[in-house]
Amino acid sequence: MQVGAEKIVVLGTGGTIAGTAASAEDTIGYTAAQVGIGALLDAVPGLAQAAGAAQLVSEQVAQIDSKDMDEDVWKALALRCAAHLADPGVRAVVVTHGTDTLEETAWFLHRVLAGARHKPVVLVSAMRPATATAPDGPQNLLDGVAVAATPGAHGVVAVAAGEIHGARGVRKVHPQRLHAFDSGEAGPLGWVEQGAVRLAGGWPAAAESADSALQAVAQAAAWPRVEIVLSHAGATGRAVELLAADGVDGIVVAATGNGTLHHRLQSALERAQAGGTAVRVSTRCPLGRVLPRPDDTLPDARGMGPVKARVDLLLELLARA
Ligand code: SIN
């Protein structure tokens with residue numbers, strides 16, 4: 001260990017990258033979130049070299065399958081990230097995470113971490129468990145640490161399968177293949193090639209309201225409840241009525257096309273909104289964004305897909321509390 005060396009802090013949260021299976025051939029019947037972050041890093045040859053002059057240190061923030069991610073883990077993770085980013089001795093934060101909700105965590109961290117304005121927060125995941133014959137986690141860790149060590153890197157990004165994705169664009173698009181993420185129409189921010197970063201554009205800017213958003217998260221006694229519903233052929237609106245009756249604070253609707261809704265769902269959402277539930281209209285189309293019309297009765301989600309629109313509404317309601 002070098003005295004006074006800068007640190008790259010790796011925060012473990014679980015996921016397939018830390019998963020184990022009974023046999024090396026099994027890449028679907030495994031249990032996520034089994035290997036501790038220290039052991040995970042120790043198993044990757046060359047990781048210390050990828051960190052360059054920085055010293056790698058690790059901390060276990062959670063140990064979960066990311067399908068079970070919740071707001072309390074987000075809060076704990078955001079506060080640990082913020083504390084490390086504020087430390088002048090920390091160069092970057094790397095977060096190991098499951099792939100299933102990685103895009104939501106990435107967007108949440110982007111929205112609340114002002115410290116990412118000058119330092120990178122790099123989310124690293126894997127599609128195969130650590131016990132697989134050819135796991136992808138070690139290479140993703142090497143690439144993620146290489147991004148973290150890159151001079152000038154900043155913002156919240158995800159690194160997987162040799163690609164660097166920004167928090168705004170990143171989304172999981174495939175349930176099994178190793179190349180499971182893309183950034184939609186925007187494309188990746190760049191690539192990691194033999195340990196070196198090649199950028200297509202710039203690093204992402206931090207969110208402007210991140211300071212106040214983090215404060216609201218830190219002070220939150222209880223989280224608002226925001227649910228997602230989908231418009232589809234035969235939609236009844238009954239789910240919305242039940243949610244509103246149950247006191248839900250916000251509903252994001254994944255609409256068809258350019259924000260269109262089954263007429264029964266539209267009526268139920270308008271009644272919910274009149275009753276005080278915050279409603280945002282996103283689209284279930286994987287590309288593009290909803291272009292709002294002057295006669296819309298329900299506000300649109302400002303270009304965000306359903307799961308990231310939910311994060312935005314959660315933070316908006318928290319700021320109002
Ligand atoms: C998870 O999201 O924690 C499990 C699935 C994965 O990481 O690919």
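Quick note: the coordinates plus some simple rules give every number you see, no bench work behind them. All of these numbers come straight from a predicted model, not from anything done at the bench. Ideal geometry is used to build each Cβ from the backbone, glycine not excepted, and the neighbour counts take in all protein chains shown.
Of the residues Ala222, Ala239, Ala180, the single one that is among the small types (Gly, Ala, Ser) and surrounded by 16 or more Cβ atoms within 10 Å (Cβ to Cβ) is Ala180.
Just so you know, in the stretch 152-203 the residues that are farther than 12 Å from Glu103 by Cβ and among the aromatic types (Phe, Trp, Tyr) include one that is farthest from the chain's Cα centre (by Cα), and it is Trp191. For the stretch 123-148, the set of residues classified as among the hydrophobic types (A, V, I, L, M, F, W, C) and within 16 Å of the ligand (Cβ to nearest atom) consists of Leu123, Val124, Ala126, Met127, Ala130, Ala132, Ala134, Leu141, listed by residue number.
Does at least one position in the stretch 95-105 carry a residue that is of a type outside the set (S, T, N, Q) and more than 13 Å from the ligand (Cβ to nearest atom)? No, every residue in the stretch 95-105 fails to be of a type outside the set (S, T, N, Q) and more than 13 Å from the ligand (Cβ to nearest atom).
Every condition in (1) within 20 Å of Val147 (Cβ to Cβ); (2) in contact with a Pro (Cβ under 9 Å, 6 or more places away or on another chain) holds for Ala21 except the one numbered (1). Phe181 meets all of the listed conditions (1) without any contact (Cβ under 8 Å) to a residue 60 or more places away in the chain; (2) of a type in the set (Phe, Trp, Tyr); (3) closer than 30 Å to Asn258 by Cβ but one, namely (1).
The rows are residues; the columns are (1) more than 20 Å from Val240 (Cα to Cα); (2) among the small types (Gly, Ala, Ser).
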| position | (1), (2) |
| --- | --- |
| Gly276 | no, yes |
| Val279 | no, no |
| Pro292 | yes, no |
| Asp296 | no, no |
| Arg302 | yes, no |
| Pro306 | no, no |
| Leu313 | no, no |
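In the stretch 42-70, of all residues being in a helix (DSSP H, G or I) and surrounded by 19 or more Cβ atoms within 10 Å (Cβ to Cβ), the one that is farthest from the ligand (Cβ to nearest atom) corresponds to Ala50.
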